[in-house]
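Bear in mind these aren't lab numbers, they're just calculated from the coordinates by the rules spelled out. In this text the structure is predicted, and so the values were computed from the model without any measurement. All Cβ positions, even for glycine, are placed from backbone atoms using ideal geometry, and neighbour counts span all protein chains on display.
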Amino acid sequence: MTPNLNLWLIPVLPLAGAAINGFWGKRSSRTAVTTVGLVFPAAAFAWALLVALRVSSPGLPYQEYVAHWIRSGSFSADFALYLDQLSLIMLLVVTGVGFLIHIYSVGYMEDDPSYYRFFAYLNLFMFFMLTLILANNYLVMFIGWEGVGLASYLLIGFWFTKDSAASAGKKAFIVNRIGDFGFLIALFLMIQHFGSLNFTPVFAQVQPLAPETASAGLLTAIGILLMVGACGKSAQIPLYVWLPDAMEGPTPVSALIHAATMVTAGVYMVSRSHLIFERAPMALMVVAVIGTLTALFAATIGITQTDIKKVLAYSTISQLGYMFLACGVGAFSAGIFHLMTHAFFKGLLFLAAGSVIHAVGGEQDMRKMGGLRAYIPVTFATMFIATLAITGIPPFAGFWSKDEILWQAYQTSWVYWLIGVITAFLTSFYMFRLLFMTFWGDYRSSQVDEHGRVHAAPGHDGHGHGEPHESPMVMLVPLMILAFLSLVGGLVGIGNRFEHFLAPVFASGAVSETAGEAASRVTEYVLMGISVTVAFLGLFFAYVLYVSRPHLPQKISDGLNGFYTAVLHKYYVDELYAKLFVKPLVDGSTSILWQGIDRRVIDDTVNNAADGARHVSDEVRHMQSGNLRSYAGWIAAGSALVIAYMIWMGVR
Amino acid sequence: MVPLSYYLVLSGFLFACGVAGFLIKRNIITIFMSIELMLNGVNLSFVAFAAHWHVLAGQVFVFFVMVVAAAETAVGLAIIIAVYRTRETLNVDQVNLLKL
């Protein structure tokens, strides 16, 4: 019997912080806001750690009933929490990385006039994310799912006076809504066929079902619809377009929500539903194909981007593609492993990028950076570690998880593996490109000023454009901690320890892997060698192109003219969507819904009714003349009419 | 025996005279008399029916109407006197406070 863990405290603590800062933050001092904004997530993290220490593997999954919610006939959904190895890992990642980013934000958002609002939103996000993770049924998960979307919207549009930020927020929200639509339909299907949304009964009913062979089937439908939801939240093809735009938000937000935690919710959800996916090979294949394509597609775009945060955004999309690839080949624990290491190094990359942006006074264009190695050594060192981690160079965290995914992918099909390796090469290339453009060479700020606009991030008005300067300690400490985690975070994967930890959750998925493991060990090492080689190749090419021969990139892009332009413009996907979906929608709404229905039908009905009433009464009011005899005349005429009618009726 | 229809025609005629007088005349006293004429036209049809069907209810009704008419006359004449005192006229067209 597991003791009562009071899990509910974990999400509720940040909510309390959000409420306090949201309601009273405006009148409180900055110190008070900082204290509230940090203490509550810290408490949540501490409690999560305590929970992690107190639970024992046999005690899991642990369930906790919090409050009564919906009871309708045989259907019920309560506010109840569910803790197993999977949610435990997510819990620690979210609270831990989240707390570090909160600390970092204290320094990054220092000069912002809406300081309190930022922390209120950030805490609110933590609440919803933790709800999502700890839910024991899909409906509570959906609350968290929508809630993080809301928090993401609020934070992307945090500087809402900037038009681009406001529309980026809306874009994120609307694109996510498309995915949520799929998610909701999947939930409806579950209610219809399983009569419940609680994980335990649903999975208990799914468990005995045989894998569906045909492409049509209930589980396939549910799986694909869930994947549609995951595509929206985790920015996969075709719904990835919102994530690059989401970089309009403050950098800590990009790090927390759009790299480390929220965007991995889709991976978490798919892993959580692994029993469904394992019995729907078709849906699983869809997941793998989408993941693979997204990984490659986003990586190619990442190569051409010049905005430091945009590169990282596409890199995030690409890495999320890896996670889905892992899920798609049934290696859910590898996907979660990569999710965890990714949270470390991508969170770090974003925070370091924020520190760079901070150092150069709000500039985000890498062409105007360069040579920052000397100015901001700590940021450089941490970012270097993160880059090594993401490119999969041993022994950094990314190596272990990425290698695990590639190995699992190879066992399913060499095509997945090949695309994965190509992506790994591209990843290595654009990450070192970013590193070299930012930190090597000479500081180019003054050289490009004539055709460069002054980038004014509202949080940085106070910073001059003089010498780049290192960020304050409050920002550097989280960087160092994350760098440490990026360095050693992968070591938990040695000897499949991570996989064994998650084995109780993904038990049924591990069956096929044990066979022939010894025989393929050689293959595994060969593949590992290839992926490491590829990572170094990327490093080498980036070095040649951006350090030793800086004029080459221009030549190459000129040589590949058409293709380069297409990639630079992100394959014109935004334009395509604008033409295909947005424009017909806007035109249709304007001509049919607005001009047609709203103005012609609704407005005209109301206006005509009012006009008619006024005209009729205008005429009729003359009857009320005040002349007694005319009234008498009307009465006489009326009664004559009634009498005539009655006589006529009588005659008939 | 005089047929019922004769009474009714006479009653209708009296009532119509009352209505016409009420509508055409401007003097309040005349209008008042026209109202009495209408009442009595109705009274006539009541008694005619009462006699024809041998039901006393019609005659009882007539008594009621007469009582009401007497009371109304008293009140009405009082009002007419009050109107005359304040307005110095008995022409209804000039008594038009009801008009907007």
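Observations on the model:
- Computed from the C-alpha gyration tensor, the three semi-axes of the ellipsoid equivalent to region A:294-382 are 29, 15, 8 Å, from longest to shortest.
- Over all directions, the projected convex hull of the C-alpha atoms in region A:532-578 averages 4.4 nm² in area.
- The Rg/Rh ratio for region A:28-71, using Cα coordinates for both the radius of gyration and the Kirkwood hydrodynamic radius, is 1.21.
- Against chain A, whose longest principal axis comes from its Cα atoms, helix A:163-194 is set at around 80 degrees.
- Karplus-derived 3J(HN,Hα) values for region A:400-413, using 6.51 cos²θ - 1.76 cosθ + 1.60 with θ = phi - 60°, are 5, 6, 5, 5, 4, 5, 4, 5, 5, 5, 4, 5, 7, 7 Hz; glycine and proline are entered as x.
- For region B:46-100, the alpha carbon convex hull comes to 114 Å³ per residue, rounded to a whole number.
- In percent, rounded to a whole number, the relative contact order of chain A is 12, using alpha-carbon pairs under 8 Å and six or more apart.
- Signed unit charges on C-beta, dipole axis of region A:66-189, positive-most listed residue A:PHE181, A:HIS68, A:VAL106: A:PHE181
- Rg/Rg_globular for region A:520-652, with Rg_globular taken as 2.2 N^0.38 Å and Rg from C-alpha atoms: 2.97
- Put simply, the C-alpha atoms of region A:140-217 give a gyration tensor, and the ellipsoid matching it has half-axes of 36, 14, 8 Å, longest first.
- Note on A:LYS583: aspartates and glutamates with a C-alpha under 15 Å away, same-chain residues under 8 apart excluded, are A:ASP574, A:GLU575.
- Taking the Cα centre of region B:1-95 as reference, the dipole from Cβ charges on Lys and Arg (+1) and Asp and Glu (-1) amounts to some 120 debye.
- Here's how it looks for A:ILE237: its modeled amide H is under 5 Å from those of A:THR294, which are all 5 or more places away or on a different chain.
- Modelled FRET efficiency - R0 56 Å, A:TYR571 with A:SER617, Cβ distances, 0.05 increments: 0.30
- Calculated P(r) of region A:269-316 - Cα pairs past 16 Å, %: 51
- Computed label-point distance, nm, for sites A:VAL477 and A:PHE75 using a 7 Å Cα→Cβ extension: 4.9
- Charge dipole of chain A (Cα centre as origin; +1 on each Lys and Arg Cβ, -1 on each Asp and Glu Cβ, all else neutral): 560 debye, rounded to the nearest 20.
- Taking other Cβ atoms within 10 Å as a rough exposure proxy, A:ILE222, A:ILE178 sort from fewest to most as A:ILE178, A:ILE222.
- Chain A, Rg to Rh (Cα coordinates; Rh as Kirkwood inverse mean 1/r): 1.12
- Convex hull volume per residue, computed on the Cα atoms of region A:188-287, equals 98 Å³.
- FRET E, pair A:VAL547, A:ILE178, Förster distance 51 Å, beta-carbon r, rounded to 0.05: 0.75
- Selected from A:THR523, A:THR304, A:GLY149, residue furthest toward positive end of dipole (the protein assembly as shown; charges at beta carbon): A:GLY149
- Inter-label distance for B:ARG26 and A:SER29, nm, one decimal - labels placed 7 Å from Cα along Cα-to-Cβ: 9.1
- Considering all C-alpha pairs of chain B, those separated by over 16 Å amount to 64%.
- Rel. contact order, % - alpha carbon contacts under 8 angstrom, at least six apart, chain B: 27
- Residues whose placed amide H lies under 5 Å from that of A:SER76, excluding near-sequence neighbours: A:LEU197
- Spacing of the two label points (7 Å from each Cα toward its C-beta) at A:GLN595 and B:ARG87, in nm: 6.1
- For chain A, calculated [θ]222 nm from helices alone, where every DSSP H run of n ≥ 4 adds -39500 (n - 2.57): -21500 deg cm²/dmol
- Unit charges at the beta carbon, dipole of chain A: most positive-side option, A:LEU641, A:ILE385, A:HIS338: A:LEU641
- Across the alpha-carbon atoms of region A:248-294, the computed radius of gyration and Dmax are 13.8, 41 angstrom.
- Once you divide the Cα radius of gyration of region A:1-148 by 2.2 N^0.38 Å, the number left is 1.10.
- Residue-wise HN-Hα coupling along region A:522-535, computed from phi with Karplus coefficients 6.51, -1.76, 1.60 (Hz; x: Gly, Pro): 4, 4, 4, 5, 4, 4, 4, x, 4, 5, 5, 4, 4, 5
- Per-residue HN-Hα couplings for region A:618-628 [Karplus 6.51, -1.76, 1.60; θ = phi - 60°; Hz; x = Gly/Pro]: 4, 6, 6, 5, 5, 4, 8, 8, x, 7, 4
- For region A:45-128, the fraction of C-alpha pairs more than 18 angstrom apart is 58%.
- Normalising the Debye intensity of region A:359-400 to I(0), with uniform scatterers on Cα atoms only, and taking log10 at q = 0.17, 0.24, 0.33 Å⁻¹ returns -0.57, -0.82, -1.03.
- Taking every DSSP helix (H) stretch of at least 4 residues in chain B, weighting each as -39,500 (n - 2.57) and dividing the sum by the residue count yields a mean residue ellipticity at 222 nm of -28000 deg cm²/dmol.
- Cβ-placed point charges (K, R +1; D, E -1), dipole of region A:506-648 about Cα centre in debye, nearest 20: 300
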